[in-house]
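Just below is one structure, and these are the notes that go with it.
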Amino acid sequence: MATTTEQGIPDRASPSSDTAAGALEPRRTRGVVWWASFGVLALGVQAWTYGTWIASGDATPQSTGADDVPTITRIWAVSHQVVAIVGLVVALVWIVRKCRRERRLTFAALFTLGWMSVWWLDPVVNFARTVFFYNSAFVNLSSWTEHVPGWISPNGGHLPEPILFTGLLYVWFLPALAAVGALAMRLARRRWPRLSVPATIAVGYVSLLVLELAFEVVWIRLELFAYPGTVHAVSIWGGERWQFPVYESIFWGGMLTAMASLLFFRDDRGRSVVERGIDRVRVTGATRTLLRVLAVIGFANVMYVAVYLVPINTVNLYVDRTPDGYPTYLRNDVCGEGTQYACPDPELPLPLPDSEPVPPPAETGTS
């Protein structure tokens, strides 16, 4: 008999006969190996990126600059970092206890490792153009972006990467958020047992899009980060310092939904689609576990690039003029006053590594 997932969905990967198993074996085996290969590639590129970043001496804190950070902004930055640390401790204790109780590496642990493996892609939203600022009031290190192979946008390394905020969110908050999406799918299936797979995924997507949008808008108003480069017509507060591109939530919601789907659509053994066929790979127990880890890491990195980074960087080629008024603790010498490069403006050419710098207009000072 064909097995079913824990949500009652037919597990089409499970053969109904020995003949079917033999016919499916090569395809299923290639799947897990391919995903694991993507995982190896992703880990290799980020190892190069981190390694050259540290060896170059670029892994240093970014100062807030000449403008004073408002006290309330500092309070929000500190409080969010404290919450991030507490969340990290709670998540790690829960995962370790679960693994020890089951005496194996649980899918929750694999899922967390997958999310952790994509943190290196976080600042790559600025790959083509500077469209995102972090607040340097956070505990931070200057970004590793200029060590990413093929990097284009100038001064990318000046972006402060908040290691105690953003870095830790990739360990617990984003996995938890994706789990909320999986929960929404589960509740929908419980309410409508015959709900199709696309409709189930759509339920998760809508719930995650709304949550992601709400968090981002609040964080922008708290000045934890900013989006200087947006298409104003499809942005909240478009043309103002607080502008937020709605398409950011559309694309990022897709990434969250991809991971939520990986969590939700598992077979009766708790294995995701990228792990299926692992039993047909002739490896030992420890190597088999490593292959599962690499497959989840491969899926997470491929989805991050394909569902989020490619579309967002494509749209970033057409952003409108950067609003005036961003303080130094947000601009951080990435662009604008004090640098050789103007912030994004549709009338300016796209800055390339070998092109001449286009300085910011003297009259605005910020774009």
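The values are calculated or read from the model by the stated rules, or taken from the named source; none is laboratory data. The structure displayed is predicted, hence computed values, not measured ones. With ideal geometry, Cβ positions are generated from the backbone for all residues, glycine too; neighbour counts draw on all protein chains shown.
So here's what we get for this one:
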{"quantity": "Boolean, Asp279 is surrounded by fewer than 17 Cβ atoms within 10 Å (Cβ to Cβ), more than 24 Å from Ser37 (Cβ to Cβ) and of a type in the set (D, E, K, R)", "calculated": "no"}
{"quantity": "Residue match in the range 144-152 (condition: under 21 Å from Trp53 (Cβ atoms), among the polar types (S, T, N, Q) and surrounded by 23 or more Cβ atoms within 10 Å (Cβ to Cβ))", "calculated": "yes"}
{"quantity": "Subset of the range 125-143 [in a helix (DSSP H, G or I) and either among the polar types (S, T, N, Q) or surrounded by fewer than 23 Cβ atoms within 10 Å (Cβ to Cβ) (or both)]", "calculated": "Asn126"}
{"quantity": "For Val334: the one exception among (1) under 26 Å from the mean Cα position of the chain (by Cα); (2) farther than 21 Å from Gly157 by Cα; (3) among the β-branched types (Val, Ile, Thr); (4) in a loop (DSSP other than H, G, I, E, B)", "calculated": "(2)"}
{"quantity": "Options Leu317, Leu330: the member that is surrounded by fewer than 18 Cβ atoms within 10 Å (Cβ to Cβ) and either without any contact (Cβ under 8 Å) to a residue 40 or more places away in the chain or hydrophobic (A, V, I, L, M, F, W, C) (or both)", "calculated": "Leu317"}
{"quantity": "Residue satisfying condition, being surrounded by fewer than 21 Cβ atoms within 10 Å (Cβ to Cβ), within 17 Å of Gly39 (Cα to Cα) and at pLDDT 95 or above, within set Val307, Val273, Val246, Val296", "calculated": "Val307"}
{"quantity": "Which listed residue, of Leu187, Leu183, Leu208, is in contact with a helix residue (DSSP H, G or I) (Cβ under 6 Å, 6 or more places away or on another chain), among the aliphatic types (A, V, I, L, M) and part of a helix (DSSP H, G or I)", "calculated": "Leu208"}
{"quantity": "Subset of the range 180-222 (residues that are surrounded by 17 or more Cβ atoms within 10 Å (Cβ to Cβ) and either among the small types (Gly, Ala, Ser) or within 21 Å of Val86 (Cβ to Cβ) (or both))", "calculated": "Gly181, Ala182, Ala184, Ala188, Gly204, Ser207, Leu211, Trp219"}
{"quantity": "Check on Pro193, under 30 Å from Arg266 (Cβ atoms), in contact (Cβ under 8 Å) with a residue 12 or more places away in the chain and outside any helix (DSSP H, G or I)", "calculated": "yes"}
{"quantity": "Complete set of residues in the range 176-201 that are of a type in the set (A, V, I, L, M, F, W, C) and within 11 Å of Gly253 (Cβ to Cβ)", "calculated": "Leu177, Ala178"}
{"quantity": "Residue that is polar (S, T, N, Q), touching a residue at least 12 places away in the same chain (Cβ under 8 Å) and touching a Leu at 6+ places or on another chain (Cβ under 6 Å), where the choices are Asn140, Asn126, Asn135", "calculated": "Asn135"}
{"quantity": "Of all residues making up the range 41-86, the number that are out of contact with any helix residue (DSSP H, G or I) (no Cβ under 6 Å at 6 or more places or on another chain) and either of a type outside the set (S, T, N, Q) or in contact (Cβ under 8 Å) with a residue 24 or more places away in the chain (or both)", "calculated": "31"}
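Residue-by-condition table, conditions (1) aliphatic (A, V, I, L, M); (2) assigned to a helix (DSSP H, G or I); (3) within 25 Å of Ala188 (Cα to Cα):
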| position | (1), (2), (3) |
| --- | --- |
| Leu294 | yes, yes, no |
| Met303 | yes, yes, yes |
| Leu317 | yes, yes, no |
| Arg321 | no, no, no |
| Tyr326 | no, no, no |
